[in-house]
1. Can you find, within region 282-294, the residue that is surrounded by the fewest Cβ atoms within 10 Å (Cβ to Cβ) among those that are outside any strand (DSSP E or B) and out of contact with any helix residue (DSSP H, G or I) (no Cβ under 6 Å at 6 or more places or on another chain)?
2. If I go through region 231-268 residue by residue, how many of them are modelled with pLDDT of 90 or more and either assigned to a loop (DSSP other than H, G, I, E, B) or closer than 21 Å to V292 by Cα (or both)?
3. Do we find that V195 is in a loop (DSSP other than H, G, I, E, B) and modelled with pLDDT of 85 or more in this structure?
4. The conditions are (1) modelled with pLDDT of 90 or more; (2) buried (at least 18 other Cβ atoms within 10 Å of the Cβ); (3) not in a helix (DSSP H, G or I), and T305 fails exactly one of them. Which is it?
5. With the requirement that a residue be in contact (Cβ under 8 Å) with a residue 40 or more places away in the chain and in a helix (DSSP H, G or I), what does region 168-192 give you?
6. Quick one: count up the residues across region 255-272 that are farther than 18 Å from M298 by Cβ and loosely packed, with under 14 Cβ neighbours inside 10 Å.
7. Between residues in region 230-246 that are closer than 30 Å to M298 by Cα and residues that are among the aromatic types (F, W, Y), which pairs lie under 6 Å by C-beta distance while being six or more apart or on different chains?
Amino acid sequence: MRTVGLSCGLALALALGVATAEPYSPKKIASDTEWLLHVDFEAMTKSDLGKAVAAKIAEKGDDVGCDELQKRFKFDAKKDLRSATLYGNSDKNEEGVMILRGKFEPEEFIGMVSGLDDYATQAYEDYVVHSWTDAKEGDGVPGFGTFIGQKVLVLAKSRAAVTHALDTLDGVDKGLAGTEMGDRLADMPKKSFMVGAANMKNLDAAKANAQMIRNAESAAFSLAEVKGDMQFQLGLEAPNEQVAAQMRAMMMGMLAFASLNEQQAPELALLALASDVTVKGSVVNILLRYPVGDIIDMIEKDSFTALGGHHKAK
């Protein structure tokens, strides 16, 4: 469900445009959040890269998963989806939340879920929380959801996650503002397409990643178009300054190796040469930049750059 929603929204918000900006707001994310991903479709529609992606999608006529999304949630994702926010306070799926913002028809959605197994409703404050079991997903996955007017849909796999999200949206929970995670995200570009963060030391899944990631206690990232470049910014907080220096040295070595591989992977070499790695206290800041114009050229030619070199779509 999450993959379908994001792929469809990312593509079609670009292709058709949306009228209302939905930037990341720390006050709207629960204060006990351990991981977060927010996608601002409106920021994409105004970027040069977004317009190029939109043109390519229109040319190919791909539905990028939107038909499935429309069947599930009974709204036209091609014009109605504006942003998606996912967050949770653990690795467990039942504690994660998805908040979709756009233009919805609640009656259509309710009509769909009411036909599923174990459908029920329960009041919470001024809201009605719907619950169901979707037998098409594995052994039957429980679902919970509620609407805030016709513009916000809150979805989760537990009632507790939905009600906690509602408390946060209503201001009962103070949100991420003023927390360490909130402060790290505040340093990211204001018009980022995507922002995310995680407290890796509290997430089991993060411990299985690459050595440099395992050494970090937390991370925050953003993806944005800045002054003609596609910019990926990543901040990794190490346990101490010594480990941070080691992480920087490791990253600098990787970039140096990539920059020497110009003949086999010229685009990767260009990316490495335009990148920067700095340390401030125990935080390693990695900034990767690539010219938007070059990315657009690859999109128009139906090609993309991988670590191993250049690939032409067949």
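1. Here the answer is G293.
2. Total meeting the criteria: 7.
3. No: the conditions fail for V195.
4. Just one mismatch for T305, condition (1).
5. Of everything in region 168-192, those that are in contact (Cβ under 8 Å) with a residue 40 or more places away in the chain and in a helix (DSSP H, G or I) turn out to be T168, L169, M181, G182, R184, L185, A186.
6. Adding up the residues that qualify gives 4.
7. M230/Y290; L234/F221
The values are calculated or read from the model by the stated rules, or taken from the named source; none is laboratory data. All values derive from a computational prediction rather than experimental measurement. In this analysis, Cβ positions are derived from the backbone assuming ideal geometry, glycine residues included, and neighbour counts consider all displayed protein chains.
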